[in-house]
1. How far is helix 112-131 tilted off the main Cα axis of the chain, in degrees rounded to 10, range 0 to 90?
2. Along Cα→Cβ, 7 Å out, is where each label goes; now give me the distance between the ones at residue 527 and residue 477 in nm to one decimal.
3. Going by average Cβ density within 10 Å per residue, which order do the peptides 553-562, 266-275, 209-218 take, highest to lowest?
4. At 25 °C and a viscosity of 0.890 mPa s, what translational diffusion coefficient does Stokes-Einstein give for region 392-504, taking Rh as the Kirkwood radius over Cα pairs? Give it in µm²/s as a whole number.
5. Can you tell me how much longer the chain between residue 382 and residue 352 gets when fully stretched, taken as 0.36 nm per residue apart minus their C-alpha distance, in nm with one decimal?
6. Just the projected area, averaged over all directions, of the convex hull on the alpha carbon atoms of the chain: how many nm²?
7. For the chain, find the longest principal axis of its Cα atoms and tell me its angle to the long axis of helix 344-354, 0 to 90°, nearest 10.
8. Using a Förster radius of 35 Å, what is the FRET efficiency between residue 131 and residue 518 based on their Cβ-Cβ separation? Nearest 0.05, please.
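The numbers here are math on the coordinates, done by the rules we state, and not lab data. Since this is a predicted model, take the numbers as computed values, not measurements. Note: ideal-geometry Cβ built from the backbone for every residue, glycine included; neighbour counts use all protein chains shown.
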Amino acid sequence: MEKVIGIDLGTTNSCVAIAEGDSPTVIPNRGGYKTTPSMVAVTEAGKRLVGHIAKRQAITNAENTVYAAKRLIGRKWNSPPSMAAKETVPYSIVSGPHDDVRLALRDRTYSVPEISAMILQEMKIIAEDYLGDDVTKAVITVPAYFNDNQRQATRDAGTIAGLEVIRIINEPTAAALAYGFGKKIDRLVAVYDLGGGTFDISVLEIGANEVFRVISTAGDTFLGGEDFDARIMDWLIQGFKEEHGIDLRSDRMALQRLKDAAEKAKMDLSSQLETEINLPFIISAGQNEALHLQRSLRRETLEDLCEDLVQRTIDICGATIQEAGLSKSEIEDVILVGGMTRMAAVQRRVAEFFNREPCKGVHPDEVVALGAAIQAMALMDQTKDMLLLDVTPHTLGIMVVGGYFEEVIPQNSTVPTSRSKIFTTVRDNQTAVKILVLQGESKRAEENELLGEFIMSGLRRAPKGQVEIEVTFEINADGIVSVSAKDLETGLKQSITVTASSGLTEDEIRNMAAESQDFLIERRASEEFEKARQEAERIIREIDRMFAEVEHMVQGSEFGQEALAKARSIIEKARQAIAERHLEQLTTAIDTLKRTQKMFKGVLSRS
Ligand SMILES: Nc1ncnc2c1ncn2[C@@H]1O[C@H](COP(=O)(O)OP(=O)(O)OP(=O)(O)O)[C@@H](O)[C@H]1O
Ligand SMILES: [Mg+2]
């Protein structure tokens, strides 16, 4: 059966897993790590770096290193999160042609799905290396609270990376799947997922018959570890300013170092009560003088700095439990997901809120990818009896007269779902109707997320109120919205996919996919060359080592001299192929080198 991977495309870390047989496993990357930093960089030479190698050079190449791109995916340029990110990240965020966000790295700009695609492609490569086979299909997870624009943009990222995204599933749902699959349990669980960039809470019912039914979900797609880091950074910057009168924000390299130090301090404080932050030579203060930053941070201080952030997650938990029509005491298991749940204050507050200790035994960094892999397996193997019923996190609706928002599909409806609405013309001889589709919970349309608009045109002329159009709104299992319309009298149909208003066009996606494929081919070729180069150099060293002795032994033999000359020449040829990066010539040279090496060994063994 075709292998389908599950990818947790995280704000901070990404993880890939596969389910073979019945048990899912996380696939380690080449460095042996089970998660890969969601970072992408472009070097001075124009090379793309992804993952650990991008992270390692972040300080010295801060302007061209992107982290937390997920916070920007599917966002409009003028949205508050884009503006907030613009103020704080060292890379430059610019406006794109569709009112979208683009990132300027070196001499060109990239859409956010392109950056995410580079990470997805890296995960695909990790899986292919491990499986020794091509991988073309994936299940990708998104925060449960992602809206349609963010989901579509994530799907586009998959396409650009050369992956057929067979399903988008919600991160907390995936976690619950990994937690409950095969356990034959009947339980009401809450999944609290606080990662690097986003927060989700989902309440689910797990049935012993492998039915996973989400009852309600809520979250904040701009609340996560990044915000905790930012609080520590602010605290450090403020203190430094008070002491030295210098604003460290003016220096991008200093900022990147501060960010690393802030995150490290935060992590330290999960296991200890106090930590030292030490950044020598953080900034220069005039000639020959450098200033150092050194402070100690106590767990209590960190908790004070971040108190409101934790409180926000707790408030959202309260709201969603209520929305589910449940009381807290009915929740039987609380599952903690995401690296931020290692923070003591988070664990404590969650335990207090639910009045129970969270479950142990779930790996907070891997469980989402494992769930995605289980879902992938179930989608491919029809014999697997597993049913996943998720909900839509936001109310879907349209704008009506007066700028109000009218609900069409309420939040927490089980997906897939569809709902129809009849619209009538409001003017005599009206031939077109424009419909604005939005998602959100505000009564005012403009405060909700605009998914797109469509115009139903070519209506027959008639007095107002006499033309009736039935519009059907559909949300599929990926949580993605589509709309179709029908003139009830003529039966005239129009099918309109609500194209995300800040999304990419089909053409753009196709071009980006082609380019990313080129990069992949180039990368594979350069890896192959690298392997050949190492092999050639190893054999050359070996031949070199034997050379003098062989030369001594074949002294006086014409045939021997000839063989030595040939050996010299082939070494020369191999070196030239390496210098010219000519893979084909190098491969041929390696064959001859191997024969020479064998011959030398033969000569020596006879001595
Ligand atoms: N020991 C720790 N103590 C506190 N925070 C930690 C610890 N380990 C990791 N983190 C934080 O967890 C966050 C990363 O978590 P995770 O990898 O689950 O996020 P993600 O899946 O990439 O993000 P998201 O799910 O929001 O898209 C980072 O902010 C990191 O600093
Ligand atoms: Mg996550």
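1. 50 degrees
2. With each label point 7 Å from Cα toward Cβ, the separation is 3.1 nm.
3. Packing order, densest peptide first, comes out as 209-218, 266-275, 553-562.
4. Here the translational diffusion coefficient equals 170 µm²/s.
5. Working: separation 30, 0.36 × 30 = 10.80 nm, distance 4.18 nm.
Between residue 382 and residue 352, full extension yields an extra 6.6 nm.
6. That works out to 37.6 nm².
7. The angle comes out at about 30 degrees.
8. Numbers: r = 23 Å, r/R0 = 0.66.
Result of the calculation: an efficiency of 0.90.
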